[in-house]
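Data first, discussion second: the structure below is written as structure tokens.
Derivation of every value follows stated rules applied to the coordinates shown; laboratory data play no part. Note that the structure is predicted; figures quoted are calculated from it, not measured. Don't worry about glycine lacking a Cβ; one is built from the backbone with ideal geometry, like all the others, and counts go over all protein chains shown.
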Amino acid sequence: MNGNGFSTTDLTALQRQVTAWRRAQRGRSRLPDDLWAAASALAGSEGVSWVARALHLDYYRLKRRCSEGAGNATKPDRPPSFVEVDLGGSLPEPTGRWRIDLRDGSARCVAIEIGHDIPALVAVVEAFWSHRP
């Protein structure tokens, strides 16, 4: 969160905050800079298009704000978004079932216990990562 309490890490929380802020305004008010900063921070991880659509913001204005801040931004201290597991070229002999835990940045998680059906596993993983609330 930033100084004004707008979430910079959770799009759903920021969406609720923007909705509440808009309801509290009379007429058409300019969005505060702190709100734009929070949206820009999320756009860096979630994508400009996705954030603009979710918050009902002007895509080009958000993209410009992201570009302006990119020169001053430091690299965030967070884990990589993709981790490759190298099994040395071959999978172990299939015995029993595999348990795989998937977690994303918004605290969603799923535990999968599956036999050695690689196509089914890939389909479940892709569905998990591509889902947007």
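Numbers at a glance
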{"read-out": "Kirkwood Rh, angstrom, the range 11-70 [1 / mean 1/r, Cα pairs]", "value": "11.5"}
{"read-out": "Cβ crowding within 10 Å averaged over residues, with 35-42, 58-65 ranked highest first", "value": "35-42, 58-65"}
